[in-house]
Every structure is written in C-alpha cells, then in structure tokens.
Amino acid sequence: MHQWMSSPGRVVPDHQSTRLRADCRKIFFYGLLAFGASFIYSASAASGPASMEPSRPRVVTPTAAPKNLSIDQLVPLIVANNSNLRVSLMAQTAASAGITSAQAFQNPRVELTQGSNTARFAGTNTGPLQAWAVSQFIENPAVRNARIDGARAFEKGSEQQARITRNELVAQVRLWAYQGLLYQAQSTAAAEAVQLLEQVRERVRVRVESGEAARYEIIKADAEIINARERLLTASLMAEQILIELNRMAAGQLPAGWALTGDLNDDVEMSSLMEIQQQVRMQNPELAALQAQVLQAEAQLRSAQGSRWPGLELRYSQMRDPELRQGQLSVGVQVPFMDTRSGPIAQASAELQRAEARLEGRQAELQQQLLVISKSLEIARLRIEALSQGSVIEAEAALRVAQAAYRFGERGILDVLDAQRVLRSVRADLIDARYQLQVARIALDQLMGQHANNTPS
C-alpha cells in the first residue's frame, strides 16, 4: 500500500519523500559548515596578520632597583619639597612687600564744587559758581622713619623664622635618618642572634635526641629563638616606618623603593667650648629672630612717641563767581591737647621690655643647653669607648668559653644562652651609645645654626 504526501500542486510518493529529506539534511549540514568557515575567516581577518604569527614570549621589564640615599643626599630632597619651609619662604616674601607699603606716601586729595549764584537783591550779578581744592598730608618724618624701620625689622624677623624652620627641618631629618640607621643596626644584630640561636638549637636537638641532655634545654632554646625573631621583626618594621616618615616630610617626592644608607659610626668633630659659644651667639637663628623683635618693638615705640604730632596738611583752594576769583592757602596741624598718646606709648614701651626679656632669657637658656649637650657628647664618647674596647670583647670571650664548655659537657645550655643574652645586651648598648652621640651632635649643630642659611631655590 503506498503512502502519499501532499504538497501544494504536487503529490510525492513515499520513497521519493525519504530521499528528499536526506538531501535536505546534507544541504543543511554543508551550509552550516560553510557558515562556520566564513565566520572563522572573518575573525582571523579582523585580528590582522599579527594573529597569524606564532606567539612570542612576553618580555617582562625588570623593576628598578631601590635607590640608595645617604643622609647628605636625603636632606636636599626633603628641604626642596617640604611644605612648611615653603610656607615660611612665602611669609618672608609678604614681609618684603610690607616695606614697600611702609615707604609709600599718602595720596593728595582733590575737591571739585559746582553751583550757581542766585540774586536776592537788585544789582547782584548772577551766574555759575565753581570751586576746587587740593590738599596734601605731610607726615612727620619721625613717624614715617619709625614705620619703615618696623617693617624692615618685621622682614628680618620673617627671614629668621624661615631660617629657624629650615634649621629645625634639617635637624629633624638627620635625627629621623639616624634613628632609621639605629633600627637597621638593631635588625642586623637581631638577625645575627637568630642565626646563632638556630645553630645552638640544632646542637641541642642532637644532644636531646641522643639522650645526652634533658628536653627542657630544647624548649629553652626554642623560646630564645622566638624572642629573637620577635625583636628582628619589630626592628625591621620600625625601620620601614622611619622611611615612611621621611617620605612624608618630603611630601611624598622621594623615589619609589628608596633605601637609607649610612653608618652610626660617623665621625663627630667638636670644637672648643668657647668657639661653640661664639658661634651660637653669632649664628643661632632664634637669637636673631628675638633681636629682630626687639628692633621692631623699638620702632613701634618711636612711632607711638611721634604720633603725638602726626604731621600737617597743606591745602590750596580756589573759588570763582561772576565777579570775583578767590584763592586760599591753608595749613592744618593736629594739636595733642585731648589725646597725648600716653596709652600707645606705654604699651609700646611694655612690648619693648618683653622683647628684651625674651632675648635675655633665651640667651641664658642656650648657654645652659649648650653645656648639657656638651656633657651628653662626652658621656656618649665614654660609653662607646668603654663598650667597644672592654665590655663587647669580654662578652664575646665569655660566649666562646661557654660554647666550648657546653661542647665538652661541662656547662649546660642555660649558660650558653645567658652568655649570648649578655653579648646581645652589650652590643645593643653600644649601638644605642653611638646613636646618642649622633643625637647630641645634631642638637649641637642646631644650636649653632649650621643648617639655617641655605634655602631651596
């Protein structure tokens, strides 16, 4: 029995319909392959000829090695970028402009009058009425000179404030830098201690496993290693914190990944006490700033005294009417009858006394501070000499003896650890003494104003 499939306008037998469906499947399959090939070709053409080339290994640019900066290289970088110092220099520029303002003369005054003349009686001429006048205030030369002197003293004080800012900034930078070197030295000493303790622990482990030593000895060695590693980590983190602080003072303008180089053993040259005292009196910026305040107070006192007679005013006027032309020359003077300026004079005199008292007090303080710093320098030198030539050598010898005795079974591990602890303590004292010597030298340089004169461009 034949099956029939109906289609519009045609009747197809069953075997023909089966062949037709197979041909349709082949056509659909080949069309799908052609579409996929065209899609892949278009994608490869869009990617360009570079995509047809074999992949090349990616070249990795090596990162720049950390830049090593010494203290002498670090100071100019921070000084050139510190915001507080720039603000001080701007204040000095503003103070210089104040001198120009103090030297300026008062402007003349011009008056113009326009009106009319109206007759009230018969026979009077009528017409326009015009008048003008020019006046000029002539200041008392004493008041003017005192104001100019005060502005110059204020400029000098601003200059000294900039020198104080720079001197303190350089001292802080050097202090932070040597503190960073202190932590680096402590980190190095802690690393050496960890390495030495690990060697001791290995020896203890062998003796404990062989039954020659009790187990508490390795427990004690492990505890010492933990403490040494904690000191190493703390010193390393503190050294990194110092680098961050120095970069903050430079407004973040230091090179990325920079490292601080230097040594706590830098030589410290010290002049005689008389020479240092003379340099402090001549170069200390704080004393110069206080002296500028005294000069400014003296100028204010002279200005207050001269303000009783501030000056005179010259005035010339002219008036014209239909009949007459009048010219007048007048002089005006303020008479100190009601206000004798006693209050401003007394106030300026008190300010002068205060400025002089501050100057004298600071001079006495600097002398005593100088003596304290000189004693600190001497103490640090004596500590360094005693530790480096005596205590450190003896502690190293004691450690060698304790280690030899431990190897031969004459001493326990506690004796070795105690000897190591004594050696670490003595070395830490030596590092601290060298740091205190640099701190005293920085304080001495700050008192003498060694870094107050050079300002960044």
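A short reminder: the numbers here are calculations on the coordinates, not readings from a lab. Small disclaimer: the values here were computed from a predicted structure and weren't measured. Here the Cβ is made from the backbone with ideal geometry for all residues, glycine too, and neighbour counts use every protein chain on show.
Once you divide the Cα radius of gyration of the stretch 66-152 by 2.2 N^0.38 Å, the number left is 2.52. Sorting the segments 442-448, 419-425, 402-408 by their residues' average number of neighbouring beta-carbon atoms within 10 angstrom, most packed first, yields 442-448, 419-425, 402-408. Here the Karplus curve 6.51 cos²θ - 1.76 cosθ + 1.60, taken at θ = phi - 60°, turns the phi angles of the stretch 169-184 into couplings of 5, 5, 4, 5, 4, 5, 5, 5, 5, 5, 5, x, 5, 4, 5, 5 Hz, with x standing for Gly and Pro. FRET efficiency for the pair ASP339 and ASP72, taken as 1/(1 + (r/R0)^6) with r the Cβ-Cβ distance and R0 = 45 Å, rounds to 0.15.
The radius of gyration of the Cα set in the stretch 210-305, together with its Dmax, comes out at 28.0, 99 angstrom. Other residues with beta-carbon under 9 Å from the beta-carbon of VAL194 carry, at +1 per Lys or Arg and -1 per Asp or Glu, a net charge of 0. Less than 16 Å apart at the alpha-carbon level, and either on another chain or at least 8 residues along: which aspartates and glutamates does that give for LYS156? LYS156 reaches GLU286, GLU298. Taking the stretch 322-457 on its own, what percent of its Cα-Cα pair distances exceed 21 Å? Cα-Cα pairs in the stretch 322-457 separated by more than 21 Å: 72 percent. Going from the residue with the fewest nearby Cβ atoms within 10 Å to the one with the most, PHE154, PHE105, PHE137 rank PHE105, PHE137, PHE154.
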